[in-house]
Amino acid sequence: KSEVWRDDTPLQAADIIELDHYCKVRGIDLVPSIASFGHLYKVLRTKTFDSLCECPEPEGTQFSFIDRMNHHTLNAADPKALQYAKERIAEYASLFSSSYFNIGADETFDLGKGRSSVRAGEIGTDELYMEFVEELCNYVISLGKKPMFWGDVINKFPDKIKQLPKETICLNWGYAAKQTDEIVVKMQKAGAKQYVCPGVCGWNEWINLLPESYSNISRMCSYAHRCEAEGILNTDWGDYGHINQPDFSTAGMIYGAAFSWNSRQLPEKEINQMISVIEYGDSEGLFIEKVAEIGQYELFDWHMAVYYREKNELLLENVTKEKLEQANIELCRIRKDLQCRIMKLEETQRDRIRAYLIAIDAICIWNDIGKVILSGNEKADPDGALLAEKLEKWFQYYCGIWREVSRESELWRVREVVDWYADFLRKK
C-alpha cells in the first residue's frame, strides 16, 4: 500500500531482483528479512492497517524515533493480522532466489497488552507468541523456504522451540561488549538450530565502536564454535535513522568473517593491523588503531540527542563540561593524525578518510551541544548561535557523503533533528 512508503524511497521489485542476481553470481546468498510481527511502526500507524495494531496510538500522534523502536506489534489474536503477515512474506519471497526467509518476530514488546489481552489471558503470552510464529514458519515452508526468526523472545522460554518446524533456524543475538554465553548455551540445550548473531556496534553512533565490536564478535563467534551453531550472522543496525556511513562497518564485518571461519582468533591489535594494510593500504598498519580511538570520545551521542529532543531528558550521566572539552581536544588530535595519514594509504583508498573526518566533526559539534545543554541558563560556551551555524554547515557536508552511497531514505528525519537543535541553540 502506498500509504506505508509515500514519504520514503523504498526498493522496488526490480531493484531487489537485480541485487539478488548481483549477489548470486558472486556466491552470496541474499536472504530476505522483513518485520512480520513486531517493529511495524510505519505500517500500523497508517489508516489502512491501524486496526491490526496490538496497542494503537491516538490519531495524529507525532513520529518518534524512540517509540518506533519500542512499540507497534501485530495483534496476534486477529486472523487478519496473520493474513497480512503471510501476504507480505509471499510478496517478498517471490523476489529472492535464497532458500531461506527471515520472518523477524523480534521485540514484540506490546504483545498481550492490548487487543490480544483476552487471548493472552487464556493461553499465556508465551503461547500466543508461539502460535503466531509457528503459523508463519509453516507458511514459509509451504513456499519452499526455510524459516529463520530472531531469538530474543523465545530465549525466555527456550523449550518451546520444539513447537516449531524442525527446519526453523533461531537467530540468537546479543550485542554487549562483554556478552556472556548464556543465551547460546540455553538454546543449544533446548535443541535449537541456531545462528549466533553478534553486531558491528554502530547503532546510534556517528562512528562504529570498534573495541566493543571486536569484543562482542570475538566472544559470540567463540560461543558459536563451542556450542556447534549452524552458523554466524553478523549484524549492522541503524535504529534512529542509521546515521553512520556504511563503510564504518567494514572492520566489524571483517572480524565476523575471520572469526566465523577460524576458531583461532587473532588478537585485536594484530587483526586491526592486518585490516589497515590489506583493506586500506596503510603502509604502517595503523589506520584502524587510530579510527578505533574515536568512539570513546563520543559523549553526547545521537541516542542522547534524540532522547533529549523527544523526552526532554538529559542522559549525560557523570559527564561534565570539562570532560566534553577534553574529549574534543583528543578528537582534534585524532583528526590531524588522520589527515597526516592520508599519504600513508594507497591512492585508491585515500578518499575514504573524508567520511571519517566528517564524523569526527559531527562528534565534536554534538559534544559542544551537550555543553550548551549542561550550561542551563548560564552563559553557554560556545555561543549557541555560532554553534547553530556550525551545525548547519556541517550537515551540508554530511548530506553530501550520505547521497554518495545511499538513497534519501530517512535523511529528512535526521535533518528534522538537526534543525530542531539549530533552533534550540539560537534561543540559547
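For region 197-271, report the % of Cα-Cα distances exceeding 16 Å. Don't jump to the answer; show the numbers that get you there.
On the way: 1229 of 2775 pairs.
Percent of Cα pairs beyond 16 Å in region 197-271: 44.
Around the Cα centre of region 167-294, unit charges on the Cβ atoms of Lys, Arg, Asp and Glu (plus for the first two, minus for the last two) sum to a dipole of about 540 debye. Given a Förster radius of 41 Å and the C-beta distance between Glu317 and Ser51 as r, what FRET efficiency does 1/(1 + (r/R0)^6) yield to the nearest 0.05? FRET efficiency, Glu317 to Ser51: 0.50.
Quickly rank 330-337, 217-224 as a protection proxy: mean count of other C-beta atoms within 10 Å, highest first. Please report the intermediate quantities before stating the final value.
Numbers: 330-337: 14.5, 217-224: 23.6.
Packing proxy ranking, top to bottom: 217-224, 330-337.
Suppose every Lys and Arg Cβ carries +1 and every Asp and Glu Cβ carries -1, with no other charges. What dipole size does the chain come out with about its Cα centre, to the nearest 20 debye? Present the calculation step by step, with values, prior to reporting the outcome.
Details: 52 positive and 68 negative charges, 64 e Å.
Once rounded to the nearest 20, the dipole reads 300 debye.
With Rh defined as the Kirkwood radius, the inverse of the mean 1/r over Cα pairs, the Rg/Rh of the chain is 0.97. Estimated from the Cβ-Cβ distance and a Förster radius of 30 angstrom, the FRET efficiency linking Phe109 and Lys290 is about 0.15.
Beyond a 19 Å Cα-Cα separation, which of these cross-linked pairs lie in this structure: Lys1/Lys24; Lys1/Lys42; Lys146/Lys189; Lys86/Lys146; Lys1/Lys113?
Working: Lys1/Lys24 29 Å; Lys1/Lys42 11 Å; Lys146/Lys189 22 Å; Lys86/Lys146 15 Å; Lys1/Lys113 27 Å.
Checking Cα-Cα distances, Lys1/Lys24; Lys146/Lys189; Lys1/Lys113 exceed 19 Å.
Across Met187, Met69, Met343, the residue with the most accessible area heads the list, and the full order at a 1.4 Å probe is Met343, Met69, Met187.
For the pair Glu135 and Phe157, what calculated FRET efficiency results from E = 1/(1 + (r/R0)^6), where r is the Cβ-Cβ distance and R0 = 22 Å, to the nearest 0.05?
Details: r = 17 Å, r/R0 = 0.80.
Once rounded, the FRET efficiency stands at 0.80.
Which part of region 52-82 falls in the paramagnetic zone of Ile123, meaning amide N under 13 Å from the point 7 Å along Cα-to-beta-carbon? Backbone N within reach: 76-79, 82.
Expressed as a whole number of Å, what is the distance separating the alpha-carbon centroids of region 269-289 and region 294-334? Taking the Cα centre of each part, region 294-334 and region 269-289 sit 28 Å apart. For region 16-45 versus region 70-143, the inter-centroid distance based on Cα atoms is 17 Å. Each of Ser283 and Trp237 was given a label point 7 Å from its Cα along the Cα-to-Cβ line. The distance between the two points is 4.3 nm.
Solvent exposure of Phe395, expressed as accessible area, is near 0 Å², computed with a probe of 1.4 Å over the protein chains only. Relative to the dominant Cα principal axis of the chain, helix 321-341 is inclined by about 90°. When Lys113, Lys290 are compared by accessible area of protein heavy atoms, the largest-first order is Lys113, Lys290, using a 1.4 Å probe.
Computed over the chain, the per-residue total of -39500 (n - 2.57) for DSSP H runs of n ≥ 4 gives a 222 nm mean residue ellipticity of -16000 deg cm²/dmol, rounded to 500.
What do you reckon, how do Asp368, Asp236 stack up by accessible area (1.4 Å probe), largest on top? Could you put the intermediate results ahead of the total?
Working: Asp368 25, Asp236 60 Å².
Accessible-area ranking of Asp368, Asp236, largest first: Asp236, Asp368.
Amide H to amide H distances under 5 Å link Tyr100 with Lys146, where only residues 5 or more positions off or on other chains count and H is placed in the peptide plane. Solvent-accessible surface of the chain, taken per residue with a 1.4 Å probe and all protein chains present: 48 Å². How tilted is helix 210-226 with respect to the longest principal axis of the chain? Cα atoms for both, answer in degrees (0 to 90, nearest 10). Helix 210-226 sits roughly 30 degrees off the main axis of the chain. Rounded to the nearest 20 debye, the dipole size of region 1-80 about its Cα centre is 120 debye, using +1 on the Cβ of Lys and Arg and -1 on the Cβ of Asp and Glu.
Taking 1 over the mean of 1/r across every pair of different Cα atoms in region 179-318, what Kirkwood radius in Å do you get?
Result for region 179-318 stands at 16.3 Å.
Model label points for Glu389 and Leu357, set 7 angstrom from Cα along the Cα-to-Cβ axis, are 2.2 nm apart.
Once fully extended, how much extra length lies between Ile28 and Glu330, figured as 0.36 nm per residue of separation less the alpha-carbon to alpha-carbon distance?
Numbers: separation 302, 0.36 × 302 = 108.72 nm, distance 4.04 nm.
That works out to 104.7 nm of additional length.
With Cβ to Cβ distances under 14 Å as the rule, what net charge do the other residues near Thr168 carry (K, R +1; D, E -1)? Spell out each step's value before the answer.
On the way: positive: Lys145, Lys146, Lys160, Lys162, Lys166, Lys193; negative: Glu134, Glu135, Glu167, Glu230.
With Lys, Arg at +1 and Asp, Glu at -1, the net is +2.
Expressed as a whole percent, the accessible surface of the chain that belongs to carbon and sulfur atoms is 51, based on a 1.4 Å probe. Residues whose amide H lies under 5 Å from that of Ile169, counting only those 5 or more places away or on a different chain, are Met148, Phe149; hydrogens are built 1.01 Å from N in the peptide plane.
Each label was represented as a point 7 Å from its Cα along the Cα-to-Cβ direction; for Cys340 and Lys166 these points are 6.3 nm apart. Multiplying the residue separation of Leu19 and Arg350 by 0.36 nm and removing their Cα-Cα distance gives an extension gain of 116.4 nm. Relative to the first principal axis of the alpha-carbon coordinates of the chain, what is the inclination of helix 125-142, with its axis defined by its Cα atoms, in degrees from 0 to 90 and to the nearest 10? Taking the Cα atoms of the chain, the angle to 125-142 is about 80 degrees. Note on region 58-106: dipole from Cβ charges, positive end direction compared against Ala105, Phe65, Ala90; the farthest Cα belongs to Ala90.
The values are calculated or read from the model by the stated rules, or taken from the named source; none is laboratory data. Bear in mind the structure is a predicted one, so any value in this text is a computation, not a measurement. With ideal geometry, Cβ positions are generated from the backbone for all residues, glycine too; neighbour counts draw on all protein chains shown. Protein only, heavy atoms only, side chains kept; ligands, DNA and RNA dropped before computing areas. Shrake-Rupley method; radii C 1.70, N 1.55, O 1.52, S 1.80 Å.
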